[in-house]
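Report on the following structure.
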Amino acid sequence: MATEEIHEGGCGCGTVRFTVTGPPLRTGLCHCLTCRKSHASAFNPFGVFAPEQVEVRGEVTDWTSSPNYTRSFCAICGSPVCGGDGQEVEVSLGSFDEPGLFTPQYELWIIRREPWLAPLDVPQFKGDRIPD
């Protein structure tokens, strides 16, 4: 019998922890302005999971960053923990305890990519994940 894939992670101070069960539905790298600013980074690599795959423990502060999308941050250190729309949960790949678990399968909002950052060899989308 195969064992279920389980991975853990959390915020910078360790107050908020999460567990994901099973592989992500998909993984991506987002260059949109909201991701850049809310992560204080040039991009946000993320994994998308079904809500039943993700368990978050600890006190989070929520921010509705766009219609039907809420981002959760640690209430103590402010680290981004996850985000979602009720149908899916996005977890930042940098929040996992173990590096290198998942590789982005596509890039979003490449019109906002930093000019010094080379594109990955994956499908590229000018905006959302809608074919151009």
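Here, each number is a calculation from the coordinates, and none is a lab measurement. The structure displayed is predicted, hence computed values, not measured ones. FYI the Cβ positions are ideal-geometry reconstructions off the backbone, even for glycines, and counts take in every protein chain you see.
For residue 112, the shell of other residues with beta-carbons less than 10 Å away shows a net charge of +2, using +1 for Lys and Arg and -1 for Asp and Glu.
Protection proxy ranking for 117-129, 73-85, 47-59, using the average of other Cβ atoms within 10 Å per residue and placing the highest first: 73-85, 47-59, 117-129.
Assuming a viscosity of 1.306 mPa s and a temperature of 10 °C, what translational diffusion coefficient in µm² per second does Stokes-Einstein assign to region 6-112, Rh being the Kirkwood radius over Cα pairs? Intermediate values should be presented prior to the final figure.
Details: Rh = 13.7 Å.
For these conditions, the coefficient is 116 µm²/s.
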